[in-house]
Amino acid sequence: MEMKKINAGKLRAIGYDARERILRVEFDDGSAIDYSGVGNETWRRFSTSGVAWSFYRDNIEEEFHGKRGRAAPRQKPAGLDELFGEPGEGKKE
């Protein structure tokens with residue numbers, strides 16, 4: 001499922017699986033909730049809303065059954081040491 005990063009209230013990312021009709025909501029504390037039975041029109045309105053946090057609270061949180069989980073950990077960008085090796089590597093003393 002492709003996730004769309006957002007910054008609205010406690011929301012950090014949202015995604016939708018149209019085939020399975022599952023909406024995934026990820027929060028700033030690292031938790032996530034998968035809501036089943038969400039229609040494409042609800043997803044469209046949610047993903048394009050200018051007030052996503054309010055839309056979520058009013059139209060999703062109380063209307064659909066959710067299963068709690070954890071958001072997938074975000075990969076950190078590679079540090080310089082990972083890109084170029086540890087300091088001193090490759091040097092002859």
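Bear in mind that the values in this text are calculations on the coordinates, not laboratory data. On a predicted model such as this, the values are computed, not experimentally measured, just so you know. Reconstructed Cβ throughout: ideal geometry from the backbone, glycine too, with neighbour counts over all protein chains shown.
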Mean Cα-pair separation over length for the range 1-74, i.e. relative contact order, pairs under 8 Å, 6 or more apart, %: 27 percent
Footprinting exposure proxy for F64, F46, F27 (fewest neighbouring C-beta atoms within 10 Å first): F27, F64, F46
Ratio of Rg to Rh over the range 3-74 (Cα coordinates, Kirkwood Rh, two decimals): 0.91
Which of W43, W53 has the fewest Cβ neighbours within 10 Å, and the rest in rising order: W53, W43
